[in-house]
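The values are calculated or read from the model by the stated rules, or taken from the named source; none is laboratory data. As the structure is a computational prediction, the values presented were derived from the model and not from experiment. FYI the Cβ positions are ideal-geometry reconstructions off the backbone, even for glycines, and counts take in every protein chain you see. Heads up: the accessible areas ignore ligands, DNA and RNA and are worked out on the full protein's heavy atoms, side chains in. Shrake-Rupley method; radii C 1.70, N 1.55, O 1.52, S 1.80 Å.
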Amino acid sequence: MYSWLLQKLALPTVSRVTSSKFWDDYQEMLRADQAPLEQQKALQWQRLQSMLDHAYETVPFHRQRFDAAGIKPSDISSYEDLLRIPPSTKIDIQANFPDRVASSIGDQDAWRYVSTSGTANRLMVIQDFRKRDMVRASTTRSLALSGDYAVGKTIVEIPPDICNIVCGAEGESLDGVFPQIASMVKHRELTDPKAISSLRGRIERNWVFRKKTYQPFGPQGTNLTEEHMQGYVDSLLRDRPYLLKALPTYLFEIARYVERKGIEPLPVQVIKPMGASISPSMRDAIERSFTGQFREEYGSAEFGDMACDGPERDGLHVFMDLFLVEVVRDGKHAKDGELGRVLITDLMNKAMPLIRYDIGDIARMSPAPASAKRQGTRLWVEGRADDTLVTAEGQVFTSDKVMDFFYKRTDVDQFQLLETRPGKLDLLIVPSNGSVRGAGIEDELRGFLQSEVDVTLYEVKTIKPEASGKFRFVQSKSHDRLGHEVTHA
Amino acid sequence: MLDVRADFPILERQINGKPIVYLDSAATSLKPRCVIDAVTNFYTLHTANVHRAVHALAEEATEQFEDTRRVLARLINCDENEAVFVRGTTEAINMVHRCYPGLKRSVTTAIEHHSNLLPWGFGPDRHIVSVDAEGRIDMDALDAVLAGGIDLVAVSHVSNAIGAVQPIKDIIDRAHAAGALVLVDAAQSAPHLPLDVKELDVDFLGFSAHKMLGPGGIGCLYAKAEHLDKMSTWMLGGHVVDQVHREGYTLQEVPHRFEAGTPAIEAVIGWGAALRYLAGIGLDNVHEHDRELVTYARNRLSDIDHVKLIGPTDPQRSGSAVSFQVDGLEAHGVARMLNNRENIMVRSGFHCAQPLHESLDLLPTVRASFYVYNTKEEVDSLAQCLEAVIQFL
Ligand SMILES: Cc1ncc(COP(=O)(O)O)c(C=O)c1O
């Protein structure tokens, strides 16, 4: 009933009386995904050209790079032409942030800074309110595409652990509607557009989307106490959310706890990853321990959701109305299904255009339509480029592949593979029980990698996260062998 | 202005093709070549343990090690036996808390670094005197607390968060008049000002080598000889004892009894080189240099719209740091932009002084802190970079 009221009355009404076009955007997005491929491409290309023109005209960084490459936006008339635009990296963008990468036109009162807090790893961007609305609508779209979601169903999130209070980051706190109103009254900001925007975000989060956030695992890493794990199980049994969205490692650990303890599969309809990709064996373990299905999603704080899969599980369908995604290898577009680096062009954010941005991921792509129902380009993300091993023989092993190698073993609870220099690996193992010494894991790993790498095994009690709260189970020193798509400006 | 940049090899480093602008010396200072050389020289030619053996290397090591204590004692005007090597300011404060008998009733201030707050606990016998927006301690409140009977006043000379300098001599006199001892956290003052413990008549004073051009992991607790005699040892082991028998042991002389185990020998020796280097420049000149930079920085930044300076407005009352906020931007965001654009390295956050921020209702701040190698041109880079970013808000 609550859902129905929201869906049919509250949201369209809110949408009417505020500047937010959330509801209309959302409806339009649902239509865009079902459109025939040619139509999707046409919209994508039209938005791309408008973005390239806009970037060239109003963003010094992009104009300079176009000029240096001797091209104009009008020279870009085919997918192949895109290769003439030099990709950009985080270093380029951040060295010019904000004035030289943001547009010189636009209503700056309607802009907001994203990801300025937290670790130095995250890209700082400026989004205009239009983009922000699109991000919110698009989040709802991926929910809708996940199954039978209706606005108002409960969502639980377990985000990675980032220090905020002690480290003094203000973050973009989205807690509490009433505290925000109180603060607006106190600081006389009742008409301040930024404060109103934040209030709207909170109303959406708490009342419309009914989001709850659980505590992250914390710095102790993967292996928490039973009590702590049971806490997650109890909370999920109490909240019975439609959606559980969490760092893949958290999901995986909860799933295996459930399995180990012989607990009935937990009542969650849809499970999604947050902040990292997931390997096939992790996905299987998760689906055994929850009643619902796992849905892949590709997105980031800076861009919003960029792609998601559906019940057909035929890859991540790119939101072609909002993004142009390329996969490149050695300066060329990768062939159908070939691994390469992911470049993102954001078609919406006019405040700070990002064009052919190297997001640091490794993926395969297929332009072939999956079905009559969803015809868009599909993507399979296999991990971070920096986490990809390349053997002396030139074989590429993404972190997904390596994870699956270890997670298939029953004697390994968790692992971390640290390449200290190309071909030299420290292997940290949390054994499931007893010891894994003498079990021949080193040889099997060499067999798997088909390379005479040097492996040193250490047994540990837990695997710890990075400062960002995320885990890096594979850390590569050989990823340079992949070849850089990008030369730094 | 001093001109010593050539002595600091790290300043030749470039990141992404640009030089670095290091404005985070309040966290730790850069190291001059002579310090790096002293440490390497020890490893290359003199490696041995101290105070133990009679062979040539051990004697050389011991001599260099104890030489640092002599230089240190001269620098702050104390007796050599009153200078105890500790790991740093934090350890110095904790040691006084643990080892000096009868420090039940203590008072600190709202501007302290966490390491001068936490050791004193949170009980009813612990008082915290407030400070105003410029970091001035409420002296009336201090007097009132002192009148109620206090064993120890623990106070920082210069605030790491907003650079406020306290009238330390005045505080010590008031405390003594009320029968209280005084511990001064000199982490941010020893590197920048001449200190004379006899003139100050301070009871305990702690500071860290790494903030004054020296290596990490070493620092000093100065305590009046009469206080050291009363202090118990908190760690036992080699070098603490004079004689050990099956029935018991007798303690070494002060200060050695407080230095259990093998110390960070190379760090002590490196610190000796740093102290000589600083003495060569003259701490008066260091102070002058810092003050000129801070004054210049405050003037330069106060001209920028949206920048709000925090802390003392009077240059006589400010240490070598300038803290500020930018309207509409988070402190961490500002710090990241400065770093990403021009390799300008500043600190952002609560600077380990969260109670200060809470009591003044302050959001996290950005802090630029200066030392002997910094220049007005670097302040200009900071200001220009801020202008470029802010022009955009
Ligand atoms: C005022 C103050 N006190 C104490 C400390 C702690 O010094 P250390 O970490 O060297 O022990 C610092 C260091 O930041 C400081 O600035």
What number of residues in the stretch B:361-380 are within 14 Å of chain A (Cβ to nearest Cβ) and touching a residue at least 40 places away in the same chain (Cβ under 8 Å)? 4
Residues in the stretch A:346-373 that are assigned to a strand (DSSP E or B) and open to solvent by less than 40 Å² (accessible area, probe 1.4 Å) total 10
Qualifying residue in the stretch A:73-91 (condition: in contact with a strand residue (DSSP E or B) (Cβ under 7 Å, 6 or more places away or on another chain) and within 14 Å of chain B (Cβ to nearest Cβ)): yes
Do you know which residues across the stretch A:98-108 are more than 10 Å from chain B (Cβ to nearest Cβ) and open to solvent by 30 Å² or more (accessible area, probe 1.4 Å)? A:105, A:106, A:107
Residues satisfying the stated conditions in the stretch B:104-118, i.e. open to solvent by 20 Å² or more (accessible area, probe 1.4 Å) and within 16 Å of the ligand (Cβ to nearest atom): B:113, B:114, B:118
Would you check if there is a residue in the stretch B:32-41 being in contact (Cβ under 8 Å) with a residue 24 or more places away in the chain, within 23 Å of residue B:159 (Cα to Cα) and in a loop (DSSP other than H, G, I, E, B)? no
Output the strands (runs of 3 or more DSSP E) that fall wholly within the stretch A:396-489 and possess 3 or more residues being closer than 30 Å to residue A:343 by Cβ, or say none. A:412-421
Limited to the stretch B:282-302, what total is found for residues that are of a type in the set (Gly, Ala, Ser) and either crowded, with 19+ Cβ neighbours inside 10 Å or part of a helix (DSSP H, G or I) (or both)? 2
Does any residue of the stretch B:170-185 turn out to be within 16 Å of the ligand (Cβ to nearest atom), in contact with a Pro (Cβ under 9 Å, 6 or more places away or on another chain) and either in a loop (DSSP other than H, G, I, E, B) or outside the structural domain of residue B:361 (by TED's automatic domain parsing) (or both)? no
Tell me which residues, restricted to the stretch B:306-335, are away from chain A (no Cβ under 14 Å) and either more than 24 Å from residue B:132 (Cβ to Cβ) or assigned to a loop (DSSP other than H, G, I, E, B) (or both). B:311, B:312, B:313, B:314, B:319, B:320
Restricted to the stretch B:265-280, and to residues that are aliphatic (A, V, I, L, M) and surrounded by 17 or more Cβ atoms within 10 Å (Cβ to Cβ), which residue is farthest from the chain's Cα centre (by Cα)? B:265
Considering B:29, B:25, which residue is touching a Ser or Thr at 6+ places or on another chain (Cβ under 6 Å), surrounded by 16 or more Cβ atoms within 10 Å (Cβ to Cβ), closer than 15 Å to residue B:214 by Cα and not hydrophobic (A, V, I, L, M, F, W, C)? B:25
Among the residues of the stretch B:189-212, write down those that are near the ligand (Cβ under 10 Å from one of its atoms) and either in a helix (DSSP H, G or I) or of a type in the set (Asp, Glu) (or both). B:209, B:210, B:211
Touching a helix residue (DSSP H, G or I) at 6+ places or on another chain (Cβ under 7 Å), under 23 Å from residue B:183 (Cβ atoms), small (Gly, Ala, Ser) and at pLDDT 95 or above: does that describe residue B:83? yes
Yes or no: residue B:111 touching a strand residue (DSSP E or B) at 6+ places or on another chain (Cβ under 7 Å), under 30 Å from residue B:138 (Cα atoms) and in a helix (DSSP H, G or I)? no
From the list B:161, B:154, which residue is assigned by TED's automatic domain parsing to the domain that holds residue B:218, within 11 Å of the ligand (Cβ to nearest atom) and at pLDDT below 95? B:161
Within the set of pairs 6+ apart or on separate chains, which have a first residue in the stretch B:336-358 that is farther than 20 Å from residue A:115 by Cβ and facing another protein chain (nearest Cβ under 9 Å), a second that is within 16 Å of the ligand (Cβ to nearest atom) and open to solvent by 40 Å² or more (accessible area, probe 1.4 Å), and C-beta atoms under 9 Å apart? B:350/A:166; B:350/A:167; B:351/B:113; B:354/A:166; B:354/B:114
Taking the condition within 16 Å of the ligand (Cβ to nearest atom), open to solvent by less than 30 Å² (accessible area, probe 1.4 Å) and more than 14 Å from chain A (Cβ to nearest Cβ), does residue B:86 pass? yes
Only one of these is away from chain A (no Cβ under 14 Å), out of contact with any Lys or Arg (no Cβ under 8 Å at 6 or more places or on another chain) and either within 16 Å of the ligand (Cβ to nearest atom) or part of a loop (DSSP other than H, G, I, E, B) (or both): B:124, B:101. Name it. B:124
Do any residues in the stretch B:67-91 that are more than 19 Å from residue B:273 (Cβ to Cβ) have Cβ atoms under 8 Å from those of residues that are open to solvent by 40 Å² or more (accessible area, probe 1.4 Å) and part of a helix (DSSP H, G or I), where the two are at least six apart or on different chains, and which pairs are they? B:77/B:198; B:77/B:199; B:78/B:198; B:79/B:225; B:81/B:225; B:82/B:225
The stretch B:32-70, residues that are of a type in the set (A, V, I, L, M) and surrounded by 14 or more Cβ atoms within 10 Å (Cβ to Cβ): B:35, B:36, B:38, B:39, B:48, B:50, B:58, B:61
Across the stretch A:47-97, the tally of residues that are open to solvent by less than 70 Å² (accessible area, probe 1.4 Å), among the charged types (D, E, K, R), touching a helix residue (DSSP H, G or I) at 6+ places or on another chain (Cβ under 9 Å) and more than 25 Å from residue B:16 (Cβ to Cβ) stands at 2
